[in-house]
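Working notes for the structure below.
Read-outs: derived from the displayed coordinates by stated rules, not from any lab. Keep in mind the model is a prediction, meaning the values are calculated, not measured. Cβ atoms come from the backbone with ideal geometry, glycine included; neighbour counts cover every protein chain shown.
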Amino acid sequence: KAGVTQTPRYLIKTRGQQVTLSCSPISGHRSVSWYQQTPGQGLQFLFEYFSETQRNKGNFPGRFSGRQFSNSRSEMNVSTLELGDSALYLCASSLAIDSTDTQYFGPGTRLTVL
Amino acid sequence: AQKITQTQPGMFVQEKEAVTLDCTYDTSDPSYGLFWYKQPSSGEMIFLIYQGSYDQQNATEGRYSLNFQKARKSANLVISASQLGDSAMYFCAMREEYSGAGSYQLTFGKGTKLSVIP
């Protein structure tokens, strides 16, 4: 069974631009979550989607948005990029949403904002 | 207060020896899940082991075992017979319900960098 895939793997943008990251979950998984990882802040939760509905959002500005499609694939968008948005963005999928469900992660998209 | 605390920023272990990575957590939710992930320098987060709050026995997965002490709110990862490929960052994480909203957020500790010495 294929794992979680994320595209692109690497991205370089300049301040003020916008970016869209894509995530394809493991087949059959209906929940997708996004995380931002930086050396200073560590791993921070961005959003969680289940069956095309955003169930939860972390403490991030409105420039960060996302969506989930009917095939469970998800995208996240960051508008008006800032230098501080440089990070590894990780996507994770799980079968459902409960405390026992294991999230499996993709390889991440490394975003550099110049 | 931090939800997940990993007090060891870095650890060294001799190859073939066992090592324990510490993790304490804070929650008032009776139902929660505890997870350990490994992150090599490539960046991918690899799931290692899971322990549910209602599980009576400690979880084991091959060379990984979880020393779960519920009353002390600790969930330490034990790696037996360390290998050079175990050198990586290790993250402890907890999944609990978020504000009764039917959403379950995974909260991570700051990680422990493990270096295995030949």
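Can you give the relative contact order of chain A as a percent, counting alpha carbon pairs under 8 Å and 6+ residues apart?
Normalised by residue count, the contact order of chain A is 36 percent.
Averaging the inverse of every distinct alpha carbon separation and then flipping it gives the Kirkwood radius. What is it for chain B, in angstrom units?
Result for chain B, one decimal place: 14.5 Å.
Enumerate the lysines that A:Lys57 could reach by cross-link, defined here as Cα to Cα under 23 Å, with residues fewer than 8 away along the same chain left out.
B:Lys3, B:Lys110
Under the definition of partner shielding as Cβ atoms of other protein chains within 10 Å of a residue Cβ, what is the mean value for peptide A:49-62?
Mean shielding count: 2.
If Lys and Arg each add +1 and Asp and Glu each add -1, what is the summed charge of the other residues whose beta carbon sits under 11 Å from the beta carbon of B:Gln8?
Net charge around B:Gln8: +1.
If r is the Cβ-Cβ distance from A:Leu114 to B:Gln56 and R0 is 45 Å, what FRET efficiency results, to the nearest 0.05?
After rounding to 0.05, the efficiency reads 0.30.
Compare the peptides B:61-69, A:10-18 by average per-residue count of other Cβ atoms within 10 angstrom and give them in order, highest first.
B:61-69, A:10-18
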